[in-house]
Amino acid sequence: MRFLFNLALFLLALPILFMLAYQRGFLDDYVPDEAIDPEPFIQAELANVTDGADLSRRIDSALDEKRHDDAVMYAEIAGYMDVEIDEGTRTRLLDEDAPTRRAVRGAGNFLEGFVTGQGSDTAGFMGAIASDLTVVGDVRDIGVEGSKLARGEDYSKLILGLSVVGLAATTATVATGGGGLPVKVGVSLLKVAEKAGTITARFARDVSNVLQEAVNFEKLRGLLRTTDLTDSAATRRAILDYADGVSMARVTPILTDMAALERAVGPAEAVRLMKHVDSTGDLARVGRMGEKLGAKTRGVIELTGKTSLRAFKTAWNLILMALQWVWAIVAGLGALFLGSLSRRAVRRRRNPA
């Protein structure tokens, strides 16, 4: 009997040990991410925290506060969960999505984002990113932050370093027929996110440390002191010459992960999602989540508090697997118990008192 008890205890502990090892990444070489489909667990988690009525309230609140992108995001989550939103809410959403309304919202904000490099909605972010995908944004930011560095004032190492890397990537993009474009996209998105205030302090520190190795800021300071930073053409020529010495080895993976996130969720949502990224590892995990969930990724994260597919799979699979094991153990022990009773009954019939 002690053997059966120890066996049952071991079988109960086995799925828990497995999922803990999986959660900590010890099984990455043996259990690929796609081996366990996270979608049922994501939907179950959402069902625990929201429903059609709650999502309708969130959509209405977003529309009241002129946050059209958020309203669309919550509507997408409702569709993903296959729950109905209120008819009045649906009507409001359709009205706001009319072409005329979209044009009025977008035109001015796009231009403002293009000129300033900052944005607060999709149109503004798109404008800011568009300016940074050309050399306009990088030269503009080098003029602003580089002037501070040259004068010995506080400056944004993140913005200045990314701008220098952006010009280096522009050269690579031209030389390779577009091969450097993901890096350039990553630079633009991170700069816009920093200006929008969506980058966390920990992630900004990590990227700044990488940029410290990529860009020799002391040498750059000497160059900037001898360059007329009010002259865009002169600034561009000087930095393009300097950019040949920029080391891209460590910064490129971060920027390509950022570009991958943009492809999965769109540029504006990629910028907004950065407030949930605390490290370069987080960026890759959120990117994988974005590949699965698309533009509703941020809403799922905000509703559930989870920033990786593994978090969903671990929690729910642990419960499901444990229940399956418990049922199997109970069934097995029941079979043994019934077998024991049956043998006793047979012996008693054969050997009556």
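The values are calculated or read from the model by the stated rules, or taken from the named source; none is laboratory data. Model, not experiment: these values are computed from the prediction. All Cβ positions, glycine included, derive from the backbone under ideal geometry; neighbour counts span all protein chains shown. These area figures cover heavy atoms from the full protein model, side chains too; ligands, DNA and RNA do not enter into them. Shrake-Rupley method; radii C 1.70, N 1.55, O 1.52, S 1.80 Å.
A few comments on the model shown:
- Selected residue (only one of 113, 152, 161, 137 is surrounded by fewer than 18 Cβ atoms within 10 Å (Cβ to Cβ) and modelled with pLDDT of 75 or more): 152
- Filtered residues of segment 243-255 (kept if within 20 Å of residue 135 (Cβ to Cβ) and open to solvent by 30 Å² or more (accessible area, probe 1.4 Å)): 244, 245, 248, 252
- Evaluating residue 84 against the criteria (1) modelled with pLDDT of 75 or more; (2) part of a helix (DSSP H, G or I) leaves one unmet condition, (2).
- Some residue of segment 164-180 being in a helix (DSSP H, G or I), at negative phi and modelled with pLDDT of 90 or more: yes
- Listed by position, the helices (runs of 4 or more DSSP H) enclosed by segment 189-252 that each have at least 3 residues that are among the hydroxyl-bearing types (Ser, Thr, Tyr) are 232-243.
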